[in-house]
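Let me begin by presenting the structure, written as structure tokens, before commenting on it.
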Amino acid sequence: ESTCGSCHGNEAIIQKAHLPGGNVVAMYHDSIHGAKTNGKAADAGKAPTCTGCHGAHKIRSKGDAESRVNRENVALMCGSCHQQVYSRFSGSQHGTVRQAGNSAAPTCIDCHSAHRIQDSGSSKFQVSVINECGTCHADLIETYRDTYHGQVTQLGYTRVATCSSCHGAHEVLPASNPKSMISPENRVSTCRSCHPGANANFAA
């Protein structure tokens, strides 16, 4: 990454050459991938560097259909390391809609970003990613913000239900699907993950 950083991490070159994305090297260093390649995490050395995502000799613009980081290829590229997540995402509502040809449907970078990827287990990420859901689901985020859960998360508290607490993260499914966390078959057990005494009336 130091080779890439000589241009993409150099503010003077970035401004002079109008390089897209700003200082992506600085963003990468602050990300969970950067922490894992720079010895700041217990599993250091086990995350992708620049070439892991962009390739080495066939680096193409993200607008190029053959680019590894093209929007249509991102999930498969991320899935080369995150196989289980890719499998769950592929079978989800988001993945199904993408496979049906709707390129506006979310893919990895919509929720996690490209260079600023954070630890998905961190409280900060779990609260901030709600806004990403609201990018597409504006009407639903508005009604969520009216609820106790929504109001408390907006204040920054994290020990409360976020979108993924009820809907799942990568395996989001419509309520009509019996496997969905919010299907009639599973709704009570989903509520019970935070509210042990929940019953059908509570879930309703």
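Being under 23 Å from Val69 (Cα atoms), open to solvent by less than 60 Å² (accessible area, probe 1.4 Å), of a type in the set (Lys, Arg) and in contact (Cβ under 8 Å) with a residue 12 or more places away in the chain is not true of Arg116. For Gly101, the stated conditions do not hold, so it cannot be described as under 30 Å from Pro174 (Cα atoms) and part of a helix (DSSP H, G or I). When the residues of the stretch 104-116 are filtered to those that are in a loop (DSSP other than H, G, I, E, B) and under 12 Å from the mean Cα position of the chain (by Cα), the one that is farthest from Ala26 (Cα to Cα) is Pro106.
Which one is surrounded by the most Cβ atoms within 10 Å (Cβ to Cβ) among residues in the stretch 47-98 that are in a loop (DSSP other than H, G, I, E, B) and of a type in the set (D, E, K, R)? Among them, the one singled out is Arg68.
In the set (1) assigned to a loop (DSSP other than H, G, I, E, B); (2) loosely packed, with under 13 Cβ neighbours inside 10 Å; (3) more than 19 Å from the chain's Cα centre (by Cα), Asp139 fails one condition alone, (1).
Would you check if Glu171 is touching a residue at least 40 places away in the same chain (Cβ under 8 Å) and among the acidic types (Asp, Glu)? So Glu171 fits the description; yes.
Of all the listed residues (Ser120, Ser180), the sole one being within 30 Å of Asn23 (Cα to Cα) and either not basic (Lys, Arg) or not in a helix (DSSP H, G or I) (or both) is Ser120.
Consider the stretch 183-204 and keep the residues that are part of a loop (DSSP other than H, G, I, E, B) and not small (Gly, Ala, Ser). The one that is least open to solvent (accessible area, probe 1.4 Å) is Asn186.
I need a count of the residues in the stretch 119-131 that are open to solvent by less than 50 Å² (accessible area, probe 1.4 Å) and farther than 12 Å from Ala169 by Cα. Show your work before the answer.
Here is the first cut: in the stretch 119-131, the ones open to solvent by less than 50 Å² (accessible area, probe 1.4 Å) are 122, 125, 127, 129-130.
Filter once more, so that each one left must be farther than 12 Å from Ala169 by Cα: 122, 125, 127.
Qualifying residue count for the region: 3.
Please verify whether Tyr148 is among the aromatic types (Phe, Trp, Tyr) and touching a helix residue (DSSP H, G or I) at 6+ places or on another chain (Cβ under 9 Å), treating the condition exactly as stated. Spelling it out, it is not the case that Tyr148 is among the aromatic types (Phe, Trp, Tyr) and touching a helix residue (DSSP H, G or I) at 6+ places or on another chain (Cβ under 9 Å).
The values are calculated or read from the model by the stated rules, or taken from the named source; none is laboratory data. Here the structure is a predicted model, which is why all the values come from computation and not from measurement. FYI the Cβ positions are ideal-geometry reconstructions off the backbone, even for glycines, and counts take in every protein chain you see. For the accessible areas, the whole protein counts, side chains as well, though only heavy atoms, and no ligand, DNA or RNA atoms are used. Shrake-Rupley method; radii C 1.70, N 1.55, O 1.52, S 1.80 Å.
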